[in-house]
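Asks: Take a look at the following structure, please.
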Amino acid sequence: MTMPGAGRRAPGTARENARAARRPALAVWKFASCDGCQLSLLSCEDELLALTGRVDIAYFLEASRAAVGGPYDVSLVEGSITTAHDAERIKRVRRASRFLVTIGACATAGGIQALRNFKNVKDFLQAVYAKPEYIDTLAASTPISAHVKVDFELQGCPINKAQLLEVLSAYLAGRPPGIRNHSVCVECKRRGTVCVMVAQGTPCLGPVTHAGCEAICPAYRRGCYGCYGPMESPNTASLSGRWRYLGVPEAAIARAYRTVNTNAEAFRKAAEALEARGAGGAGEAGPGGGESRAG
Amino acid sequence: MPDPRPRTLRALPVEGLDALLQALRRRGYRTVGPTLRDGAIVYDEITSAADLPAGWTDVQDGGTYRLARRGDGAYFGYAVGPHSWKRFLFPAATRLWRARRAGDAFAVETGQEEPPRYAFVGVRACELHAIAVQDRVFLQGPHVDATYRARREQAFIIAVNCGQAGGTCFCVSMKTGPRAAAGFDLALTEILEGGRHEFIVETGTERGADVLRDVPHWGPPADAPDAIDRTVARAAAQMGRTMDTADIKELLYRNLGHPRWDHVAARCLTCANCTMVCPTCFCSSVEDTTDLTGEHAERWRRWDSCFTMDFSYIHGGNVRNSAKSRYRQWMTHKLATWIDQFGTSGCVGCGRCITWCPVGIDITEEVRAIRESETATVRQDSRPKEQGDA
């Protein structure tokens, strides 16, 4: 992919002058979300000064009430679209942004709140709110890419601050960000973690999950929860088959896919296949789903 | 590389094992060997013989690994685990260089630190072969890899002849074990027979003989050659897997369109675990990075895999989009095109790819399925045999 970054300007002194004259304007936007991903930006304590030296933080309400109007060179968008009002607002954000990056599972897949997509949202309103008539919400929680063109998606719940800095550094240098889309397993093996599924029989979503967290959970002898969403070529049917072999009930396997990335296509289809199997008895989870080789 | 010298056999009491480690540490080696961690026998720094997993073994099969008590005090009574020596000779992440902006140009600074002097303790025969395979890749081609060479040339190797094979071992099929034939400074055989527990140590190099001089040892037991033979014969009889390698290159070349590739692709997670644990897989990616200031750049090399999409990405897209094409690429490279490329098989029969595949895909079973379908086709003179899951 191409990153139309500030680094494309003329080299040397002219470049330095251009940088001094106008730093790229950065905006951070919140939609339906918990604020955890934009907090990752504030958590970059050691790098914040370097960042503010390279960009003008023009709009970032979690950090400052001083909001500068657009247009913005880079917009970081957190959260999903859950209201008609936000569906309009994201279009205005897009118009005001040259380069739009979505950050986190809510913005890239719809978030945990997308669990509503598979139920009747009115039932939730009745169950949760004393006065449901005050709530104005859409039937589904959808990712930003369902509404506007997105230039780069950074997965994770929450995102990894080192990856966020990599995306911003790449933008500033005019290079593609070094964000890989392979499995969490590669991160486990690089750091020398013993596989929890093979050595403990602990169910783990690592083989179908996007890298980026540096494989934290298996390092603490826990299975991967899939916080970073589907990897580039997830074979959920085969992994579900292995979980079944490890003794995990069908409904529990389905629930494992139904967390913060429940609306990501691969995880949604995996859960639906398992639920159909559960409902229909001997249904099909997909190719290879029921035939993990007994150890 | 160490100089070969005539082999001599000596006896080493079990207490001598720690003296051997200390002799190496006094010489400035970082001693690395098998040790218990997180439910497995991994390779990590060991400072004394007490760090070795004495009395433990492993139970391995496709996609499963469990530790178990042996019932004796064997120091090396297990097969290979999730780690290989690759992680020390060819680190998972290496900074190749770093650079700083200097006016309109940039100045390259050395990025690599002085590599540690490793002494590897407990290197199995299959692993010696794996190191020899990587030597061909990194040292014997037109481009010598400086990172690998710096670690490899200094490494002191204590091999161990296997007296216990694992459930996924097939070194006998690959003719790589269980006896260490070459490529070591010292080779140990742990003799555990009746009440007898001692080591027979074989010197492979002058450097090995020099270290041994600092360790209490004595003349070999009268039955030394036979005791070694008995020990490795026991392991050879325990192989958990076999692979018929006859004509294997042509077998795979004839069957690039075999339906078995679809069958294995349905199970393959494309997670890359098999390539990460393989002691001969050498693929890596080189990634450049810059920091926020734009004043610093670094070039890193990291383990990569033919199972990732980016690895076979070229202008316009990925040349191996399907799991089928990626598994076929890996297996045919390992067992067939490797022979064309380097003159040996890329597989040493260690069984790691079988054990550490989360869904237990078995390379020996895949070869067998393709081979048997051919003989079935010839025998029945009709359609290929249906590919069932063994």
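Taken together, the values in this text are just the output of simple stated rules run on the coordinates, not laboratory data. Being a predicted model, the structure only gives us computed values, none of them experimental. As a convention, Cβ positions derive from the backbone with ideal geometry for all residues, glycine included, and neighbour counts pool all protein chains shown.
Asks: Averaged over all directions, how much area does the convex hull of the C-alpha atoms of the range B:73-206 cover when projected, in nm²? Could you put the intermediate results ahead of the total?
Replies: On the way: hull surface 44.9 nm².
Averaging across all directions leaves 11.2 nm² for the Cα convex hull.
Asks: Still on this model: Just grab the label-to-label distance for B:GLN112 and B:ASP262, each label 7 Å out from Cα along the Cβ direction, in nm (one decimal).
Replies: 4.7
Asks: Around B:LEU96, which amide H atoms from residues at least 5 apart in sequence, or from another chain, sit under 5 Å from its own amide H, with H modelled in the peptide plane?
Replies: B:ARG299, B:TRP300, B:ARG301
Asks: Follow-up question, since we're still on this one. Hey, any idea what Rg/Rh is for chain B, computing Rh the Kirkwood way over Cα pairs? Intermediate results must be reported in sequence, preceding the final value.
Replies: Details: Rg = 22.7 Å, Rh = 22.6 Å.
Over the Cα atoms of chain B, Rg/Rh equals 1.00.
Asks: Further, regarding this structure: Suppose we keep just the DSSP beta bridges with both residues in the protein assembly as shown; what percent of those would be antiparallel, to 5?
Replies: Percentage antiparallel, nearest 5: 65.
Asks: Using alpha-carbon pairs under 8 Å, 6+ residues apart, how would you state the relative contact order of chain A in percent?
Replies: After rounding, I find 17 percent.
Asks: Under the rule of at least 5 residues apart or a separate chain, name every residue whose amide H is placed under 5 Å from the amide H of B:PHE199.
Replies: It is B:LEU12, B:VAL14, B:ILE191, by chain and number.
Asks: What is chain B's relative contact order, in percent, from Cα pairs under 8 angstrom and six or more apart in sequence?
Replies: Averaging sequence separation for qualifying contacts and normalising by length gives 21 percent for chain B.
Asks: Quickly rank B:351-357, B:159-165 as a protection proxy: mean count of other C-beta atoms within 10 Å, highest first.
Replies: Put in order of decreasing packing, that is B:351-357, B:159-165.
Asks: Jot down the per residue volume, in cubic angstrom and as a whole number, of the convex hull over the alpha-carbon atoms of the range A:161-224.
Replies: On the way: hull volume 4.7 nm³, N = 64.
Spelled out: Cα convex hull of the range A:161-224, divided by residues, is 73 Å³.
Asks: Extension gain A:SER64-A:GLU265, at 0.36 nm per residue separation less the Cα-Cα distance, in nm?
Replies: Values: separation 201, 0.36 × 201 = 72.36 nm, distance 3.59 nm.
That works out to 68.8 nm of additional length.
Asks: Still on this structure, please answer the following. For chain A, what is Rg from Cα atoms divided by 2.2 N^0.38 Å, rounded to two decimals?
Replies: 1.11
Asks: Can you list residues from other chains, or at least 5 along the same chain, whose modelled amide H is less than 5 Å from the amide H of B:SER322?
Replies: none
Asks: Radius of gyration and Dmax for the range A:114-160's Cα atoms, expressed in Å?
Replies: Every Cα atom of the range A:114-160 included, Rg and Dmax give 14.4, 40 Å.
Asks: On to the next question. Per the Kirkwood formula on distinct C-alpha pairs, the Rh of the range B:248-380 is how many angstrom?
Replies: Details: mean 1/r = 0.0609 Å⁻¹.
After inverting the mean inverse Cα-Cα distance, the result is 16.4 Å.
Asks: Would you list the P(r) distribution for the protein assembly as shown, with all Cα-Cα distances sorted into 20 Å bins from 0 and each bin expressed as a whole %?
Replies: Taking all Cα pairs of the protein assembly as shown, the binned fractions are 16, 44, 31, 9, 0 percent.
Asks: Based only on the alpha carbon positions, what is the Kirkwood hydrodynamic radius of the range B:168-236, in angstrom?
Replies: Its Kirkwood hydrodynamic radius stands at 13.4 Å.
Asks: Continuing with this model, one more query. What nm value, rounded to one decimal, do you get for the distance between B:TYR313 and B:TRP218 when each label is placed 7 Å out toward the C-beta?
Replies: Calculated label separation equals 6.5 nm.
Asks: Compute and list, largest first, the equivalent-ellipsoid semi-axes of the range B:203-312 from the alpha carbon gyration tensor, each √(5λ) rounded to a whole angstrom.
Replies: Over the Cα atoms of the range B:203-312, the semi-axes work out to 42, 32, 12 Å.
Asks: Where Rh is the Kirkwood radius over the Cα pairs of the range A:6-173, the temperature 4 °C and the viscosity 1.567 mPa s, what D in µm²/s does Stokes-Einstein return?
Replies: Result for D is 76 µm²/s.
Asks: Show log10 I(q)/I(0) for the range B:4-236 at q = 0.07, 0.11, 0.16 Å⁻¹, two decimals, from a solvent-free Debye sum over equal Cα scatterers.
Replies: Reported log10 I(q)/I(0), two decimals: -0.25, -0.58, -1.17.
Asks: So, one more: If each DSSP helix of 4+ residues adds -39,500 (n - 2.57) and the sum is divided by the residues in chain B, what number results at 222 nm, nearest 500 deg cm²/dmol?
Replies: Here the helix-only value at 222 nm equals -8500 deg cm²/dmol.
Asks: Something else about it: Return the calculated 222 nm mean residue ellipticity for chain A, to the nearest 500 deg cm²/dmol, obtained by summing -39500 (n - 2.57) across DSSP H runs with n ≥ 4 and dividing by the residue count.
Replies: Details: 13 runs with 114 residues, N = 295.
Value at 222 nm, helices only: -11000 deg cm²/dmol.
Asks: Computed over the Cα atoms, what is the radius of gyration of the range A:184-280 divided by 2.2 N^0.38 Å, N being its residue count?
Replies: This ratio for the range A:184-280 stands at 1.01.
Asks: Give me a single rounded figure for B:257-270: the average over its residues of other chain Cβ atoms within 10 Å of their Cβ.
Replies: So the per-residue partner count for this stretch is 4.
Asks: Something else about it: Top mean-square fluctuation among B:ALA227, B:ALA336, B:ALA50, Gaussian network model of chain B, C-alpha springs under 10 Å?
Replies: Largest GNM mean-square fluctuation: B:ALA50.
Asks: Using a Förster distance of 41 Å, how high is the FRET efficiency between A:LEU42 and A:ASN120, based on the Cβ-Cβ distance and rounded to 0.05?
Replies: My answer for the efficiency is 0.65.
Asks: Where does helix A:84-95 land angle-wise versus the long Cα axis of chain A, in degrees 0 to 90, nearest 10?
Replies: The angle comes out at about 50 degrees.
Asks: Highest mean first, what order results for A:100-111, B:272-283 on Cβ atoms within 10 Å?
Replies: A:100-111, B:272-283
Asks: Using the Karplus equation 6.51 cos²θ - 1.76 cosθ + 1.60 (θ = phi - 60°), what ³J(HN,Hα) coupling, rounded to whole Hz, does each residue of the range B:204-216 give in order, writing x for Gly and Pro?
Replies: After applying 6.51 cos²θ - 1.76 cosθ + 1.60, I find x, 9, 4, 4, x, 4, 5, 5, 4, 4, 8, 10, x Hz.
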